[in-house]
Amino acid sequence: MKFVGPLTSQTFQMILRVLLGCFFVFSGIAKFWTLSSFREILLTYKFIPEIAIPLFVYGLPIIEVVLGLMLLVAHCIKKVSLFLLVLVFVFTVGAFVKYQNGQVGNCGCFGQFIERKNNWWLFVENTALMIFLSAIHYSES
């Protein structure tokens, strides 16, 4: 399946891939900046068992940086974009559950480096991210 219109433009795809790559590299580095507070934020997501929190605290930023770099150098774009799409989807569902339970604190997207509230705008942004990742995924041959 291929997207039609401007999403099929190779230049647009490259720009989108580079922007998303930079976004995920920055997001991973920002989490490393304040690992202890990122740990506290992850504890508020009730779907992660407490015993697995250290794995997520160190693993998630590494995964984001590596996959972001892979997008930047156009390596395994189809697999990388799908993995990032699933990652964003899972954390969007988790953020939605937190939002429904009245928890509107920091979503943890950038650790404590940039505090972003868990509100409706986060869901708009994450939906756009998922659309862009889908566009990259489905436009790759």
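Mind checking which pairs have a first residue in the range 125-139 that is in contact (Cβ under 8 Å) with a residue 40 or more places away in the chain and a second that is part of a helix (DSSP H, G or I) and among the hydroxyl-bearing types (Ser, Thr, Tyr), Cβ under 7 Å, 6 or more apart or different chains? That search, which allows pairs on different chains as well, returns Leu133/Ser81; Ile136/Ser81; His137/Ser81; Ser139/Thr8. The set of residues from the range 90-117 being at pLDDT 75 or above and either assigned to a helix (DSSP H, G or I) or under 14 Å from the mean Cα position of the chain (by Cα) (or both) comprises Val90, Phe91, Thr92, Val93, Gly94, Ala95, Phe96, Val97, Lys98, Tyr99, Gln100.
Just name the residue that is farthest from Arg17 (Cα to Cα) out of those in the range 60-114 that are of a type in the set (S, T, N, Q) and in contact (Cβ under 8 Å) with a residue 12 or more places away in the chain.
Per the stated criteria, the residue is Gln103.
Would you pick out the residues in the range 19-58 that are exposed (fewer than 14 other Cβ atoms within 10 Å of the Cβ) and under 17 Å from Leu71 (Cα atoms)? Passing the criteria: only Leu19.
The values are calculated or read from the model by the stated rules, or taken from the named source; none is laboratory data. Small disclaimer: the values here were computed from a predicted structure and weren't measured. Counting neighbours? That spans all protein chains shown, and the Cβs are built from the backbone with ideal geometry, glycine included.
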